[in-house]
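Data block below; observations after.
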Amino acid sequence: MPKAELHIHLEGSIPTATLLNLAGKYDVDLPRPAERLYEFDGLKSFLAFLDWICGLIRSDDDLEGIAYEFARTMSEQRVAYAEVIVNPSHWRKHWTVDRLAASIVSGFERAAGEGLADCRLLLSILRTQSGEDAETLVDWMIANRNPRIVGLSIDGNEQAAGRTGTRFAQAFAKAKAAGIATTAHAGESSGPEGVRDALDLLRVNRIDHGVRAAEDPELLARLAREGIALNVCLTSNLVLLYPSIDLHPLRKLLEAGVRVTVNTDDPALLDVTQGSEWAKVASLCEWTRRDAAAAARRAIDAAFCDEGRKRELH
Ligand code: ADE
Ligand code: ZN
């Protein structure tokens, strides 16, 4: 069955060869020797590395090509539909939101025209940004509607910023009122309270990660009851959050009836593919083919495209 990927960052999906090429082209030093490029000690250094990556990408053609190649890789992984998070704050050194979105959409359009994966954009705010920054991005989205830009996201380090639900509530309310779908990274670097804030203050349609909701049985029951999808990234959590797979609550989430989807977060940095991630999840959860097909359907149902497109994907 073709898969949908709902939680993947463009910044963390660019192949190493492309990064090294660009570093050479623009004469940029690597932050570490190439063989240790993907060594991180936690989310903070991981996010700083995304800034470095985006600083390497400068021309419209470079970025259009990266977006196109992204779609090709999705197709090779049998991903028919992807919603791709792009956070303009990582790109601020060389890119306005206008140019950034135009180049990515252009690469996605060219790929779709050739029958490659259908890729859409989620524009994202960093948790450490201000409420005004978030509103500026939402205003841009309202003024620049495009069928390939399907939603608003928030990512980054929830702890570095403290509890920020109220800071971003107004921007998310504005997006919702304008019919823009929303998602939030929560319950990764925050505990269950971060997931609650995303639901109650940001009023999001779905949650990225959300795994730490498993620490609160009442919240788990609520997620199941309200049918909120959690876009879980197992390998990412094992690198950045849980020291052992035995501590990961994936089975607990599924047993509670939560709508869990399978995703890769930052595949190039984490050395995963959709194929390897699905195999790892299937093995951990002892999935049959039927269980895997049900998970693939859950992702399509949770997507932000229109109902007609969902029917085609099913
Ligand atoms: N941006 C890219 N990957 C992320 C993650 N795992 N958590 C928060 N922000 C991110
Ligand atoms: Zn993420």
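Points to keep in mind about this one:
- Boolean, Arg78 is in contact (Cβ under 8 Å) with a residue 60 or more places away in the chain and surrounded by fewer than 20 Cβ atoms within 10 Å (Cβ to Cβ): yes
- Complete set of residues in segment 1-34 that are in a helix (DSSP H, G or I), within 16 Å of ligand 1 (Cβ to nearest atom) and over 15 Å from Ser59 (Cα atoms): Leu10, Glu11, Gly12
- Boolean, Glu69 is within 16 Å of ligand 2 (Cβ to nearest atom), within 18 Å of the chain's Cα centre (by Cα) and under 28 Å from Arg297 (Cα atoms): no
- Scanning segment 196-210 for residues being surrounded by 23 or more Cβ atoms within 10 Å (Cβ to Cβ) and either within 12 Å of ligand 2 (Cβ to nearest atom) or outside any helix (DSSP H, G or I) (or both) gives a total of 7.
- Filter result for Ala256 (among the aliphatic types (A, V, I, L, M), at pLDDT 95 or above and either over 17 Å from the mean Cα position of the chain (by Cα) or away from ligand 1 (no atom under 16 Å from the Cβ) (or both)): yes
- Within segment 31-47, one or more residues are open to solvent by less than 20 Å² (accessible area, probe 1.4 Å), within 15 Å of the chain's Cα centre (by Cα) and over 21 Å from Gly113 (Cβ atoms).
- Qualifying residue in segment 118-127 (condition: in a loop (DSSP other than H, G, I, E, B) and within 16 Å of ligand 2 (Cβ to nearest atom)): yes
Every residue, every condition in (1) away from ligand 2 (no atom under 16 Å from the Cβ); (2) more than 27 Å from Ile180 (Cα to Cα), yes or no:
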{"site": "Asn231", "(1), (2)": "no, no"}
{"site": "Val239", "(1), (2)": "no, yes"}
{"site": "Asp246", "(1), (2)": "yes, yes"}
{"site": "Leu253", "(1), (2)": "yes, yes"}
{"site": "Asn263", "(1), (2)": "no, no"}
{"site": "Thr288", "(1), (2)": "yes, yes"}
{"site": "Arg297", "(1), (2)": "yes, no"}
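- Entry remark, segment 176-187: residues being under 18 Å from His9 (Cβ atoms), open to solvent by 10 Å² or more (accessible area, probe 1.4 Å) and assigned to a loop (DSSP other than H, G, I, E, B) number 0 in total.
- Residues of segment 48-61 that are open to solvent by 30 Å² or more (accessible area, probe 1.4 Å) and assigned to a helix (DSSP H, G or I): Ala48, Asp51, Trp52, Asp60, Asp61.
- Within segment 159-168, the set of residues being touching a residue at least 12 places away in the same chain (Cβ under 8 Å), open to solvent by 30 Å² or more (accessible area, probe 1.4 Å) and away from ligand 1 (no atom under 13 Å from the Cβ) comprises Arg163, Thr166, Arg167.
- Helices (runs of 4 or more DSSP H) wholly inside segment 225-314 that include at least 2 residues being of a type in the set (Lys, Arg): 250-255, 289-302, 307-313
- Considering segment 207-219, and only residues there that are over 19 Å from Arg167 (Cβ atoms) and within 15 Å of ligand 1 (Cβ to nearest atom), the residue that is farthest from the chain's Cα centre (by Cα) turns out to be Arg212.
The values are calculated or read from the model by the stated rules, or taken from the named source; none is laboratory data. Note that the coordinates shown come from a computational prediction; the quantities given were computed from them, not determined experimentally. Please note: Cβ atoms are built from the backbone with ideal geometry, for glycine as well, and neighbour counts cover all protein chains shown. All accessible areas refer to the heavy atoms of the entire protein, side chains included, with ligands and DNA or RNA removed. Shrake-Rupley method; radii C 1.70, N 1.55, O 1.52, S 1.80 Å.
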